[in-house]
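Please read the structure below before turning to the comments.
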Amino acid sequence: MALVNQLSLFIDVVQQGSFTKAAALHDMDNSSLSKQIKKLEAQLGVQLLNRSTRSFSLTPAGEEILQQAYSLVGTLDQVQSIADSYQAEPKGRIRVTAPYHVGQNHLQPVISQFMRRYPDVEIELLLDDKRSDIISDHFDVAFRLGRLDDSSLIAKKVADIRAVILASTAFIEQYGEPKTPEQLIKLPSVLYSNRSLIVDTVHLSEQPHQRNTLPYKMRGKYKVNDVQTLLSAVQDGLGYVTISSSNLCCSIEEMQLMPLLTNHTLCNRGLALYALYPHRKQTALVKEFISAVQQYIGTPPIWEQNIPGFNHFYRAP
C-alpha cells in the first residue's frame with residue numbers, strides 16, 4: 001500500500017501544479033511530501049519530475065506512469081465508493097465554507113436535518129463572504145456563487161440564480177414606478193460592495209421583451225457589504241437594489257418590496273450556486289451532503305418561491 005499512497009501523492013502534485021497545494025491537501029509539510037516522491041522515484045528506478053526552483057515538469061517516464069497511476073488509484077477509489085455505499089449510514093467529519101447568506105438561509109436548514117438523520121456525522125461550517133483557499137484551509141466542500149476559476153477543483157452546479165430588481169412600496173410611492181431603464185437609473189439605489197466586488201451596473205433590455213441587454217450604471221450613495229443590511233436599507237426606502245434572488249429568505253410581500261421592470265430582459269451572466277471540492281476529495285459523506293443541499297434547494301430553487309410570478313419575469317420571448 002505504500003506504493004499506492006505514493007502514487008496518489010504523485011497524482012496530487014501534478015493535478016495541483018504545486019507541492020505546497022498538494023501537501024496542504026494531505027495536511028503534510030512540503031519536505032515530507034518531497035521525500036515521499038523521491039522514495040517513489042527510487043523504488044521505481046526512474047525520475048518522474050524535472051524540478052526547478054519554482055516549478056516542475058513531467059519526464060517522459062513520469063507522463064506514462066501518471067496515466068497508469070490514474071487508472072490504479074481510480075479503481076481503488078471505486079472499490080472504496082462501493083464499500084461506502086453499503087455502510088448503514090454516513091459517518092465522519094466534513095468542513096464546509098460558504099457566503100453568509102447562503103449558509104444562514106440555505107445550508108443551516110440542511111445541516112439541521114442532516115445531523116439529525118446521521119448522528120455520527122460532525123460538521124464544521126465557516127461563513128465568510130471572502131473566498132477561502134479550499135485546499136490550504138482544508139475544506140472538504142465550498143459553496144460559492146459564480147463560475148469555477150481554479151483547475152485544481154471540481155465544481156458541481158447546485159442551482160441557477162436569477163437576479164431581481166426590488167424597491168419598497170414606500171419608495172415607489174415617493175418616486176413613482178419606473179417604466180424604462182433610463183427612468184430606473186435616475187433613481188437612488190443601494191449598492192452591494194465588498195473589497196472584490198461592487199454591484200453598480202444592471203444589464204437590461206432597452207425595450208420590453210427584447211433579447212439583447214445593455215449595461216446601465218446605477219446611482220448609489222449608500223454602499224454596504226452585508227446582504228441583510230442591504231435589504232433593510234431597501235425596505236427603509238433608501239433606494240432600489242439589483243440583487244440575486246437567492247438572497248431572499250422570506251417573501252417580498254412580507255418585506256413590503258415589489259419587483260421593477262419585470263417585462264424587460266435582465267441578464268444574469270450565468271450566475272449559479274456551485275459546490276466546489278478538491279480532486280478526489282468527494283467522499284461518500286461529502287457526496288451525500290451535496291445531494292442533501294440540492295434536494296433542499298430543488299428545481300426551480302426554493303428562493304424563487306419568495307417572488308410570486310417570478311418564473312415569468314425578466315425573460316425574452
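Being under 27 Å from the mean Cα position of the chain (by Cα), among the β-branched types (Val, Ile, Thr), modelled with pLDDT of 90 or more and surrounded by fewer than 19 Cβ atoms within 10 Å (Cβ to Cβ) holds for only one residue in THR265, THR229, and it is THR229. Criterion applied to TYR277, TYR314 was being outside the structural domain of LEU184 (by TED's automatic domain parsing) and under 30 Å from TYR175 (Cα atoms), and the one residue passing it is TYR314.
The condition of being within 30 Å of LEU127 (Cβ to Cβ) and free of Cβ contacts under 8 Å to residues at least 60 places away in the same chain holds for only one of TYR192, TYR240, that being TYR192. Looking only at residues of segment 119-132 that are assigned to a loop (DSSP other than H, G, I, E, B) and touching a helix residue (DSSP H, G or I) at 6+ places or on another chain (Cβ under 8 Å), we find that the one that is nearest to ALA284 (Cα to Cα) is ASP128. Only residues that are touching a Phe, Trp or Tyr at 6+ places or on another chain (Cβ under 6 Å) and of a type in the set (D, E, K, R) were counted in segment 183-241, giving 0. Residues that are among the small types (Gly, Ala, Ser), in a loop (DSSP other than H, G, I, E, B), modelled with pLDDT under 95 and loosely packed, with under 15 Cβ neighbours inside 10 Å: does segment 148-164 have at least one? The answer is yes, given that some residue of segment 148-164 is among the small types (Gly, Ala, Ser), in a loop (DSSP other than H, G, I, E, B), modelled with pLDDT under 95 and loosely packed, with under 15 Cβ neighbours inside 10 Å. Residues that are in contact (Cβ under 8 Å) with a residue 40 or more places away in the chain and not small (Gly, Ala, Ser) do occur in segment 213-222, at least one of them.
The values are calculated or read from the model by the stated rules, or taken from the named source; none is laboratory data. These numbers come from a predicted model, not from an experiment. Quick reminder, even Gly has a Cβ in these numbers, built from the backbone with ideal geometry, and neighbours come from all protein chains shown.
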